1. When you look at T195, is it at pLDDT 95 or above, at negative phi and more than 19 Å from the chain's Cα centre (by Cα), yes or no?
2. I need the full set of residues from region 217-243 which are of a type outside the set (S, T, Y), in a helix (DSSP H, G or I) and surrounded by 15 or more Cβ atoms within 10 Å (Cβ to Cβ), in order please.
3. Considering only residues of region 110-133 that are under 15 Å from the mean Cα position of the chain (by Cα) and farther than 22 Å from P50 by Cβ, which is surrounded by the most Cβ atoms within 10 Å (Cβ to Cβ)?
4. Here are G229, G234, G192: which of them is in contact with a helix residue (DSSP H, G or I) (Cβ under 8 Å, 6 or more places away or on another chain) and either over 24 Å from Y36 (Cβ atoms) or of a type in the set (K, R) (or both)?
5. Would you confirm whether any residue within region 82-90 is farther than 25 Å from L140 by Cα, modelled with pLDDT of 75 or more and surrounded by 15 or more Cβ atoms within 10 Å (Cβ to Cβ)?
6. Within the bounds of region 152-165, is there any residue that is under 30 Å from P52 (Cα atoms), modelled with pLDDT of 95 or more, charged (D, E, K, R) and crowded, with 20+ Cβ neighbours inside 10 Å?
Amino acid sequence: MHPGCEKGPRVIDLTDEHYQRLAKTYERNWADRPEYVAWMADRIMSWLKPAPDDRIADIGSGTGLFLSRLMETASARTPILCVDPSQHMLDLLPDDPRLSPVRATAEQIASGEVPVPYEHVDAFVFKEAIHHIKDIPETLRGLAERLAPRGRILIVTLPRRLEYPLFPEALDRFAGDQPEPADIAAAMRETGLATEHRSEEYAVTIDREQWIDLVRNQWMSVLSTFTAGEIDEGIETIRLLHPEHEITYTDRFAFIQGVKH
């Protein structure tokens, strides 16, 4: 266990069972897509442009899979705070002094319920984690108050309507729960941060059976809301819709960044 993992108040996470199961296969799910992991890590680095020893908190860090580039500017003196409500995910962080686990939700960090070791933070990063927040405007407001001058909040999120080769029920359910990127950007502006919002794309080609394994492993949180029988039915639909051996689709992400004046 990483030092500090057990500290802080008990966190109640309704999706904890999902992430306990996902933690066992999370990095293996991406093992055959190292190009995507590297691309995303590069894009996050390009947006943030961190200086050496910037105080960074990665919200929803999981196993730290996308932190490789940011770790280049971190140190044991100012480690990246890996914030996640799932202890199972945090236990799989690399044993590296440049990473410091904090078991908490974004709301607990924003409200100060769970303290962080930095008086001010230079950057908060959300990589596909913003949809877990119930009150996005209030949480962003709290995080903005904890920023250092010229501090940033970077949110990477998916659009409501995905082009993923999933079964229709999963796409519809995802759209129903996913916040609109434009609304997130508006909430960011309301905090007083200078906000930039842009879409970026990544072309995906993946073996159909590998994709089906990802679906079966319920690697997206929305998939955990379906029963095992419904997942099996969904997989059969995917096989019918995609008889090809390799599936190609476009992964689109909204990058939303706010900078404190």
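The values are calculated or read from the model by the stated rules, or taken from the named source; none is laboratory data. Keep in mind the model is a prediction, meaning the values are calculated, not measured. Cβ placement follows ideal geometry from the backbone for every residue including glycine, while neighbour counts extend to all protein chains displayed.
1. yes
2. Taking region 217-243 as the starting set, the residues that turn out to be of a type outside the set (S, T, Y) are 217-220, 222-223, 226, 228-236, 238-243.
Of the ones still in play, those that are also in a helix (DSSP H, G or I) are 222-223, 228-236, 238-241.
Across region 217-243, the qualifying residues are V222, L223, I231, G234, I235, I238.
3. I133
4. Numbers: G229 fails: in contact with a helix residue (DSSP H, G or I) (Cβ under 8 Å, 6 or more places away or on another chain); G234 fails: either over 24 Å from Y36 (Cβ atoms) or of a type in the set (K, R) (or both).
Exactly one of G229, G234, G192 is in contact with a helix residue (DSSP H, G or I) (Cβ under 8 Å, 6 or more places away or on another chain) and either over 24 Å from Y36 (Cβ atoms) or of a type in the set (K, R) (or both), namely G192.
5. yes
6. In the first step, residues of region 152-165 are kept if they are under 30 Å from P52 (Cα atoms); the result is 152-158.
Filter once more, keeping what is modelled with pLDDT of 95 or more: 152-158.
Those left that are additionally charged (D, E, K, R): 152.
Those still in the list that are crowded, with 20+ Cβ neighbours inside 10 Å too: 152.
For region 152-165, residues under 30 Å from P52 (Cα atoms), modelled with pLDDT of 95 or more, charged (D, E, K, R) and crowded, with 20+ Cβ neighbours inside 10 Å: present.
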